Amino acid sequence: MTASKEALIVVVAKAPQVGNVKTRLCPPLTHEQAARLYTGFLLDTIEIALGVPGCAVKAVCPTPHDAGQLAGLLPTEVGYFVQPATGLTAALSSSFEQGLTEGYKKIFCISSDNPTLPAHYLQEAVETLDRPGIDLVMGPSEDGGYYLIGAKKLYPELFADMVWSTDTVLSETLVRAEKRGLRHHRLPLWYDLDTGQELARFALELAAAPAVSNGHRAPAPHTRPLLIELEILKDAR
């Protein structure tokens, strides 16, 4: 466990391999463009996580090959580990197992395509899990899934035999949590970046944000220049 950091944020990641990431964005993008954008999404998501006080950040990846590619991509302060089996169930379960084994008291798993996720959502998750009577924190996605799950223990039944990538993932998870007697807190709603429509929405939101404001960079500093290069976003600098 990193000194003075009791919470761990695990980003569920893949290596940005052409044809293996963000394929639902193709079309309108090519597979190469989608892979480049995914790199921006991942780096921006990690940067947001690194900004949360008191939290260490790691990535979980599906294969040693992914780990080898991510090793040269991730910031030096971000660790990574390989999940023991394929699939999201293994990624989430092993993230909790790994974090708890290393001595972290609170584990949070987030998806890797949240380049503009408000940092205060993550901060709220960390603070809320310290409240008496809260066992679980969920960040709901507009598509019926979730962008964050956090707890102080591993609850395998929340992940086992789940049918992922459906609009019932969140509701099914909460049903399982209720059966287990877990009390949960729900964060504000957010959205994924899986479809061309969601990408267009994301670009419009970035276009409305100034490139520099009060000395601070605009949101999604890694993704923004890629969108400009791909002519999805006009250069407003």
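Since every read-out is calculated from the coordinates, none of them should be taken as a lab result. Remember, it's a predicted structure, so these values are computed and weren't measured experimentally. Here Cβ is always computed from backbone atoms with ideal geometry, including for glycine, and neighbour counts include all displayed protein chains.
Things to note:
- The gain in end-to-end length when the R201 to K105 segment is fully stretched comes to 30.9 nm, 0.36 nm per residue minus the alpha carbon separation.
- Counted as membrane-span-like here are DSSP H helices of the chain whose alpha-carbon atoms extend 30 Å or more along the helix's own axis and whose Kyte-Doolittle mean is 1.0 or above; there are none.
- Whole-number percent relative contact order across region 7-193, with pairs defined as alpha carbons under 8 Å at least 6 apart: 23
- Ordering 10-19, 116-125 by mean Cβ neighbour count within 10 Å, with the highest value first, yields 10-19, 116-125.
- Proxy reagent accessibility, fewest Cβ within 10 Å first, across D44, D143, D167: D167, D143, D44
- A helix-only calculation puts the chain at -11000 deg cm²/dmol for mean residue ellipticity at 222 nm, using -39500 (n - 2.57) for each DSSP H run of at least four residues, averaged over all residues.
- Annotation: extensible slack from A208 through E97 equals 35.9 nm (criterion: 0.36 nm per residue apart, minus Cα-Cα distance).
- Under 5 Å from the amide H of D192 lie the amide H atoms of E142, D143, each residue being 5 or more positions distant or on a separate chain, with H modelled from the backbone and absent for Pro and chain starts.
- Neighbour counts of other Cβ atoms within 10 Å put D66, D113, D192 in the fewest-to-most order D192, D66, D113.
- Point-to-point label distance, L50-D167, nm (Cα→Cβ direction, 7 Å offset): 3.8
- The distance between label points at H31 and R217 comes to 3.0 nm (points 7 Å beyond Cα on the Cα→Cβ vector).
- Pairs spanning more than 18 Å between alpha-carbon atoms, out of K5/K105; K14/K106; K105/K179; K105/K153; K14/K153: K14/K106; K105/K179; K14/K153.
- Average projected area [Cα convex hull, region 7-193], square nanometres: 9.9
- Using the Cβ-Cβ distance between T128 and Q17 with R0 set to 35 Å, the FRET efficiency from 1/(1 + (r/R0)^6) comes to roughly 0.45.
- Computed label-point distance, nm, for sites L73 and E229 using a 7 Å Cα→Cβ extension: 1.4
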